[in-house]
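The values are calculated or read from the model by the stated rules, or taken from the named source; none is laboratory data. Note that this is a predicted model, so its numbers are computed, not measured. Using ideal geometry, Cβ is built from the backbone for each residue, glycine included, and neighbour counts are taken over all protein chains shown.
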Ligand SMILES: Cc1ncc(COP(=O)(O)O)c(C=O)c1O
């Protein structure tokens, strides 16, 4: 069996040809493919606008800046990629953490307790599983903005609506390992707020209101035309790929259901349709299990071994220490991501399951 990675992007001739065609025939920056991609993405998510940017991190930073959070507080989860909290800091606000839930790995809604200075809540649909948005909205209250970090959840559905259309804005990443990519770094912001969309379009393009006029301190944070062309083709495959990810998740769940030593991820319900950006199990002996898998040429990674509040930079900046967010810390010590990507075969899934069953002394 060849090495099985945790994730593998799909690249076809059609995607590469679309990219080459865009470079030859369109403006390399803000060419037609960019605007087409934005329209198609907005339609797919179900928002009025989509604004493409150069990464998921930029999507989060620019949205925070456009919402004017400077000097205030933003509530988010400590169990995420560090960019989630960094965006809050870069926009001049203070991240306030709310512990993650052992059940769905997402922010625990009852921990979302806004104060006088709370400007926004930033839930993350971690590993492609939608956060409990209704409860989060209720606890946040009407005056607090909700920005979804949907960087791992393209196409996931919560109560009939796609993530990215549930809050005031949604932020997506097209980094190479995500459920869809643009053949490099890229990001997208979705919103139905006209004013926010207009502000974001300026911020990503040097603060431009017209060719030579700039009325805010903006950035160069645009998505390249070639990447947008690549992304348009990927978007057409997204639903099929997500369906395959769910089938793989079902196969893992079925074959691993009797392994008492591990906890399987939530599989969703009629209301919640996850997209399994990652398939994350919990195991007390996580590191030993990862070593067993590696011996059989199977990659397993940890997302994330250090919760954000315990990263050196956050310990220093916010004075955080162990024990502040016990469930996030417990998860950080137990989670293990198994291979999942659309071209992973059933045979490969079975091979991974057999390795896990045998690790715990069972018969596959
Ligand atoms: C939850 C989450 N937020 C933010 C980001 C940042 O996205 P990017 O790498 O495109 O900057 C990522 C991915 O890398 C992510 O997984």
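Residues are listed down the side, and each one gets a yes or a no for (1) in contact with a helix residue (DSSP H, G or I) (Cβ under 6 Å, 6 or more places away or on another chain); (2) surrounded by fewer than 24 Cβ atoms within 10 Å (Cβ to Cβ); (3) modelled with pLDDT of 95 or more:
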site: 20; (1), (2), (3): no, yes, yes
site: 41; (1), (2), (3): no, no, yes
site: 66; (1), (2), (3): yes, no, yes
site: 72; (1), (2), (3): no, yes, yes
site: 101; (1), (2), (3): no, yes, yes
Problem - Which numbered condition residue 160 fails, given (1) under 15 Å from residue 34 (Cα atoms); (2) away from the ligand (no atom under 16 Å from the Cβ); (3) surrounded by fewer than 19 Cβ atoms within 10 Å (Cβ to Cβ) - result: (1)
Exercise for the section: Sort through 223, 196, 238 and tell me the only one that's crowded, with 21+ Cβ neighbours inside 10 Å and under 23 Å from residue 80 (Cβ atoms). Expected result: 223
Exercise for the section: Residues that are within 19 Å of residue 119 (Cα to Cα) and in contact with a strand residue (DSSP E or B) (Cβ under 6 Å, 6 or more places away or on another chain): find the strands (runs of 3 or more DSSP E) completely inside the range 139-213 holding 2 or more of those. Expected result: 145-149, 169-173, 187-191
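Is it the case that the range 103-117 has a residue that's within 19 Å of the chain's Cα centre (by Cα) and either assigned by TED's automatic domain parsing to the domain that holds residue 263 or at pLDDT below 95 (or both)? Outline the logic, then answer.
Start the filter on the range 103-117 by keeping residues that are within 19 Å of the chain's Cα centre (by Cα), which leaves 103-109.
Applying the additional criterion that residues be either assigned by TED's automatic domain parsing to the domain that holds residue 263 or at pLDDT below 95 (or both) yields 103.
So far as the range 103-117 goes, yes, one or more of its residues are within 19 Å of the chain's Cα centre (by Cα) and either assigned by TED's automatic domain parsing to the domain that holds residue 263 or at pLDDT below 95 (or both).
Might you check whether a residue that is away from the ligand (no atom under 16 Å from the Cβ), in the same structural domain as residue 227 (by TED's automatic domain parsing), within 24 Å of residue 137 (Cα to Cα) and not in a helix (DSSP H, G or I) occurs anywhere in the range 72-86?
Step one: filter the range 72-86 for residues away from the ligand (no atom under 16 Å from the Cβ), giving 72-73.
If we keep only those that are in the same structural domain as residue 227 (by TED's automatic domain parsing) too, we end up with 72-73.
Still in the list and also within 24 Å of residue 137 (Cα to Cα): 72-73.
Keeping just the survivors that are not in a helix (DSSP H, G or I) gives 72-73.
Within the range 72-86, one or more residues are away from the ligand (no atom under 16 Å from the Cβ), in the same structural domain as residue 227 (by TED's automatic domain parsing), within 24 Å of residue 137 (Cα to Cα) and not in a helix (DSSP H, G or I).
Name every residue in the range 103-119 that is within 15 Å of the ligand (Cβ to nearest atom) and either on the phi > 0 side of the Ramachandran plot or surrounded by 24 or more Cβ atoms within 10 Å (Cβ to Cβ) (or both), in order of residue number. Steps first, answer last, please.
Within the range 103-119, the first condition is being within 15 Å of the ligand (Cβ to nearest atom), and the residues that meet it are 104-107.
If the condition is that a residue be within 15 Å of the ligand (Cβ to nearest atom) and either on the phi > 0 side of the Ramachandran plot or surrounded by 24 or more Cβ atoms within 10 Å (Cβ to Cβ) (or both), then 105, 107 are the ones that fit.
Restricting to the range 300-342, count the residues that are assigned to a loop (DSSP other than H, G, I, E, B) and touching a helix residue (DSSP H, G or I) at 6+ places or on another chain (Cβ under 8 Å). Give the derivation first.
Restricting attention to the range 300-342, the residues satisfying the condition of being assigned to a loop (DSSP other than H, G, I, E, B) are 300, 302-307, 311, 319-325, 339-342.
Checking which are touching a helix residue (DSSP H, G or I) at 6+ places or on another chain (Cβ under 8 Å) leaves us with 300, 302-307, 320-325, 339-342.
The number of residues fulfilling the criteria is 17.
From 88, 107, 82, which residue is in contact with a strand residue (DSSP E or B) (Cβ under 8 Å, 6 or more places away or on another chain) and farther than 21 Å from residue 220 by Cα?
Working: 88 fails: farther than 21 Å from residue 220 by Cα; 82 fails: in contact with a strand residue (DSSP E or B) (Cβ under 8 Å, 6 or more places away or on another chain).
Selected residue: 107, the only one of 88, 107, 82 that is in contact with a strand residue (DSSP E or B) (Cβ under 8 Å, 6 or more places away or on another chain) and farther than 21 Å from residue 220 by Cα.
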Completion exercise
Every listed condition ((1) part of a helix (DSSP H, G or I); (2) out of contact with any helix residue (DSSP H, G or I) (no Cβ under 6 Å at 6 or more places or on another chain); (3) surrounded by 22 or more Cβ atoms within 10 Å (Cβ to Cβ)) holds for residue 33 save (2)
